[in-house]
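What follows is a single structure, written as structure tokens, with notes after it.
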């Protein structure tokens, strides 16, 4: 009886012990594949610095320039006015902010973000050993969000640069910095995407950086600090985060080390940064355009316009060219091209691979200077008597004077979008239609004639000038 009752209990205990043993073995095995960052941190952390800036916010003794809720301000002053000091005003006042940086030379050159030191009256650097120095600003570049500063010190620890070509999605990375002024804070994660282009309204700097996206917990104060690979090499400079709260949600972006090296070298030599300029207006290749131009997939940068007098026009580029490679680098979409061109030095010669009329071609171009390029200004249009048509548009012919002012030889102005065909294409009032399905438009009669022969089973290219820039739209007649 005793043996019969004991056996099931022993069996249960044996199963539990076996399960625990299996879990322990599995955990130990998994731990063998996880990186150990301790040595990397010990070697690299001494080269990471805390950046504190002091700046002056220019105010006004009066409330004339106050742009907040004036009703709330008046209520505040009415209630608290007699309690405020006599010298109370909204004049100049000091402000401070924090960031990170890293040392790249033993004699005190330090890399950080432009937005960290922008507007600083004084930059204080705190080293890992707690020594403090007032830094000199060598140069700063808003477009890349990078800055180079220097302190008067010798024999400092440094960190090496890695190779951005070796960065792969899924690899482990590590950030060291001072989030919320908590120095020597370490955060690890993986690379989520390589070559991420962010819209200018997010970066504030245009598409001149193709970011490394990670899920590393980057927070305010991390900006300007390094992103390391497991070899202890800097592969990026932490710069941006996506967040609704201001804190990390696992979407952080680092400036690749190749861009950083290019910018830092120029800042060290001259204090300024020169960028290449091509002189084209571009857009992503849509699926409809890929079908029109017989592309297997919608990739590359579609040339909507070639700016007069620019490097591209001199080299022989044309509208409707689709740029696939620039100086050996692949152009996956339109955002890749400004980044690649920006890395080129003005005056250098590059080879560009493109598709024109279904054929693969290569063009040599002498790169221009972005800073020297002038910006085109929007041109205002006059009023003309409109004429309606079956494409869902009310159009007017341009006068000779308007053509001269616009620099155009032909075109029809859209006075009103009246139908779904034009609405779906994205056309707007004030657009100038230059060509439809490859045929130029100079009169309402031209549009009527072309409209009668338009195919309804395939997308049609429509060349439009809007605010001084030319773009291709796709028109679908079959609804």
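The values are calculated or read from the model by the stated rules, or taken from the named source; none is laboratory data. The structure presented is a predicted model; accordingly, all values stated were derived computationally and were not measured. Because the Cβ atoms are built from the backbone with ideal geometry, glycine has one as well, and the counts that use them run over all protein chains shown.
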Subject >> Scan of region 440-471 for residues that are modelled with pLDDT of 80 or more and either in a loop (DSSP other than H, G, I, E, B) or exposed (fewer than 15 other Cβ atoms within 10 Å of the Cβ) (or both), ordered by number >> reply: 440, 441, 442
Subject >> Selection within region 411-437 - assigned to a strand (DSSP E or B) and closer than 22 Å to residue 292 by Cβ >> reply: 412, 414, 432, 433, 434, 435, 436
Original post:
Identify, please: which residue in region 140-154 is surrounded by fewer than 21 Cβ atoms within 10 Å (Cβ to Cβ) and over 21 Å from the mean Cα position of the chain (by Cα) and is, among those, nearest to residue 118 (Cα to Cα)?
Top reply: 150
**OP:** Return a yes/no flag: does region 266-281 have any residue that is within 28 Å of residue 182 (Cα to Cα), in the same structural domain as residue 192 (by TED's automatic domain parsing) and surrounded by 15 or more Cβ atoms within 10 Å (Cβ to Cβ).
**Re:** no
**OP:** List the number of the failed condition for residue 408; all other conditions in (1) part of a loop (DSSP other than H, G, I, E, B); (2) in contact with a helix residue (DSSP H, G or I) (Cβ under 7 Å, 6 or more places away or on another chain); (3) at pLDDT 75 or above hold.
**Re:** (2)
Original post:
Any idea which of 122, 136, 106 is surrounded by fewer than 18 Cβ atoms within 10 Å (Cβ to Cβ), free of Cβ contacts under 8 Å to residues at least 40 places away in the same chain and assigned by TED's automatic domain parsing to the domain that holds residue 56?
Top reply: 136
Subject >> Considering residues of region 330-344 that are out of contact with any helix residue (DSSP H, G or I) (no Cβ under 9 Å at 6 or more places or on another chain) and assigned to a loop (DSSP other than H, G, I, E, B) only, the residue farthest from residue 195 (Cα to Cα) >> reply: 344
Original post:
Tally time: how many residues in region 276-310 are free of Cβ contacts under 8 Å to residues at least 12 places away in the same chain and not in a helix (DSSP H, G or I)?
Top reply: 2
Original post:
Got a number for residues in region 311-329 being surrounded by fewer than 17 Cβ atoms within 10 Å (Cβ to Cβ) and part of a loop (DSSP other than H, G, I, E, B)?
Top reply: 3
**OP:** Filter region 163-178 for residues that are buried (at least 20 other Cβ atoms within 10 Å of the Cβ) and closer than 13 Å to residue 194 by Cβ and give the result.
**Re:** 167, 173
**OP:** With respect to residue 174, determine if the residue is in contact with a helix residue (DSSP H, G or I) (Cβ under 9 Å, 6 or more places away or on another chain) and either at pLDDT below 90 or part of a loop (DSSP other than H, G, I, E, B) (or both).
**Re:** no
Subject >> Elements of type strands (runs of 3 or more DSSP E) in region 204-275, at least 2 residues being modelled with pLDDT under 90 >> reply: 234-241
Original post:
Given the conditions (1) out of contact with any strand residue (DSSP E or B) (no Cβ under 9 Å at 6 or more places or on another chain); (2) closer than 17 Å to residue 197 by Cα, and given that residue 359 satisfies all but one, which numbered condition is not satisfied?
Top reply: (2)
